[in-house]
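The values are calculated or read from the model by the stated rules, or taken from the named source; none is laboratory data. As the structure is a computational prediction, the values presented were derived from the model and not from experiment. All Cβ positions, glycine included, derive from the backbone under ideal geometry; neighbour counts span all protein chains shown.
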Amino acid sequence: MAKYVDGYVLPVPKKNIQAYRRLARKCAKIWIEHGALEVHECVEDDVKKGKITSFPQAVQRKRNELVVFSWIVYKSRAQRDRINKKVMEDPRLANMDPKSMPFDGMRMVWGGFKPIVSQTAD
């Protein structure tokens, strides 16, 4: 189980979901071209605010927003570091202004994770 995962949780205004989807498709293509194994982007369907903690609370979701949960799978952390460096240098992403993004990046939560259990239904 020598894989590595970057995980993301972020709020996206409902009116910007289609713009986010377009951006996510573009970024997924770029990550895959640079060597990522998988890219997944999911929008909330059954997500409730908790009493102590929850996805909506983690990103300070507002009434007009949806939570997006995403992850990228790599062969290893070293591969992830190489791929992310290439992605950040990719000219297709060079002109991205954080202020014009379809989401508030200041409320995005992310991190790298080492899987400890992986099971598929092969």
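The number of residues in segment 27-52 being in contact (Cβ under 8 Å) with a residue 60 or more places away in the chain and touching a Lys or Arg at 6+ places or on another chain (Cβ under 7 Å) comes to 1. Among the residues of segment 70-79, are any touching a helix residue (DSSP H, G or I) at 6+ places or on another chain (Cβ under 9 Å), surrounded by fewer than 16 Cβ atoms within 10 Å (Cβ to Cβ) and among the basic types (Lys, Arg)? No; the residues of segment 70-79 include none that is touching a helix residue (DSSP H, G or I) at 6+ places or on another chain (Cβ under 9 Å), surrounded by fewer than 16 Cβ atoms within 10 Å (Cβ to Cβ) and among the basic types (Lys, Arg). The number of residues in segment 63-86 being in a helix (DSSP H, G or I), within 16 Å of the chain's Cα centre (by Cα) and more than 18 Å from residue 30 (Cβ to Cβ) comes to 0.
Being more than 16 Å from residue 16 (Cβ to Cβ), modelled with pLDDT of 95 or more and surrounded by 12 or more Cβ atoms within 10 Å (Cβ to Cβ) is a property that residue 67 lacks.
Of all the numbered requirements in (1) within 19 Å of residue 6 (Cβ to Cβ); (2) of a type in the set (S, T, N, Q); (3) in contact with a Pro (Cβ under 9 Å, 6 or more places away or on another chain), residue 76 misses one, and that requirement is (3). Say we look at segment 87-120 and pick out the residues that are assigned to a loop (DSSP other than H, G, I, E, B) and hydroxyl-bearing (Ser, Thr, Tyr); which of these is surrounded by the fewest Cβ atoms within 10 Å (Cβ to Cβ)? So, considering only residues that are assigned to a loop (DSSP other than H, G, I, E, B) and hydroxyl-bearing (Ser, Thr, Tyr), the one surrounded by the fewest Cβ atoms within 10 Å (Cβ to Cβ) is 120.
Restricting attention to segment 28-62, and to residues there that are outside any loop (DSSP other than H, G, I, E, B) and touching a helix residue (DSSP H, G or I) at 6+ places or on another chain (Cβ under 7 Å), which single residue is nearest to residue 80 (Cα to Cα)?
The extreme case among them is 31.
Among the conditions (1) modelled with pLDDT of 95 or more; (2) within 26 Å of residue 116 (Cα to Cα), the only one that residue 52 does not satisfy is (1). Can we say residue 55 is touching a Cys at 6+ places or on another chain (Cβ under 7 Å), under 18 Å from residue 5 (Cβ atoms) and touching a residue at least 40 places away in the same chain (Cβ under 8 Å)? No. If you check 107, 63 for being without any contact (Cβ under 8 Å) to a residue 40 or more places away in the chain and of a type outside the set (A, V, I, L, M), only one passes: 63.
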